Amino acid sequence: MIRAFVVEDSPVIRDNLVSALEELVPLKVVGWADDEAGALRWLGDPANGCDLAILDIFLRTGSGTGILRALRDAGSPLRRVVLTNYASPDLARQCLDLGAVRVFDKSRDIDALINYCAALPPPPA
C-alpha cells in the first residue's frame, strides 16, 4: 500500500481528498500539514515515512514551491505531485523544475490524480 503525505491548508479539501484517495486507491494517508514549516518538519523526521507527497502551492504560511525546493535541495527521492487551484503553465513548469513529477488542477484533475495514484507501483516490501 502506498503511504502518502498531504499538504493542504483547507480542512474541507484535505478531508475530501483523503477520503477519496483512501476509498479509491490502495493508499493510506500517513500524515498531513497545512503549512510549509509543518510539512518540512514531518518530512524531515526519520521516524516518519511516505512514498508520495501531494502538495498544494498556496498555504497558510509558506508555499508548496518552498517544500519542493527544500526536498530537491536535500536530494530527497520522495515522489511528489502538486494539486492546486492555480495550475497555470508557468506555475506547472516551475513545479516540474523543482522536482514535482506531475501537476494537477483541483478544479478539473481530481480523477487524473486518482488514476495517477492508482497506477503507482506498490512500494518494495
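A short reminder: the numbers here are calculations on the coordinates, not readings from a lab. The shown structure was predicted, so the numbers you read here are calculated from the model rather than taken from an experiment. Don't worry about glycine lacking a Cβ; one is built from the backbone with ideal geometry, like all the others, and counts go over all protein chains shown.
Could you bin all the Cα-Cα distances of the chain into 10 Å bins starting at 0 and give me the percent of pairs in each, rounded to whole numbers?
Spelled out per bin, shortest first, that is 14, 50, 34, 2.
Under a point spin-label approximation (7 Å from Cα along Cα-to-Cβ), what is the Arg60-Leu91 distance to one decimal in nm?
2.0 nm
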